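See structure below.
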Amino acid sequence: MFKRLASLNPPVYMGAPNLMGFEDWIRGMEKLFDALQCPAEWRVGFVGFYLNDEADIWWAMVRYR
């Protein structure tokens, strides 16, 4: 499933403070997951690969809380 997702070149979120940009990124990822019929329980793990810079640092701090 991850290879199928990666082949669609999902957008990367860098952690910019622009709320609209984040919401657009979320909607785009949800569309891809829906199109691929990706199970809900896999989605959170997959999006971690598409977070960079500040977003990736934040994810590293909160994912195991």
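Please indicate, with yes or no, whether at least one residue in segment 36-43 is of a type in the set (Lys, Arg), within 10 Å of the chain's Cα centre (by Cα) and surrounded by 10 or more Cβ atoms within 10 Å (Cβ to Cβ).
Yes, there is a match, as at least one residue in segment 36-43 is of a type in the set (Lys, Arg), within 10 Å of the chain's Cα centre (by Cα) and surrounded by 10 or more Cβ atoms within 10 Å (Cβ to Cβ).
Within segment 35-57, can you find the residues that are in contact with a strand residue (DSSP E or B) (Cβ under 8 Å, 6 or more places away or on another chain) and assigned to a helix (DSSP H, G or I)?
The answer is Tyr50, Ala55.
If the Cβ limit is 8 Å and pairs must be 6+ apart or interchain, which residue in segment 22-34 that is assigned to a helix (DSSP H, G or I) pairs with which residue that is of a type in the set (Gly, Ala, Ser)?
Phe22/Ala16
A short reminder: the numbers here are calculations on the coordinates, not readings from a lab. Keep in mind the model is a prediction, meaning the values are calculated, not measured. Cβ: placed from backbone, ideal geometry, glycine included. Neighbour counts: every protein chain shown.
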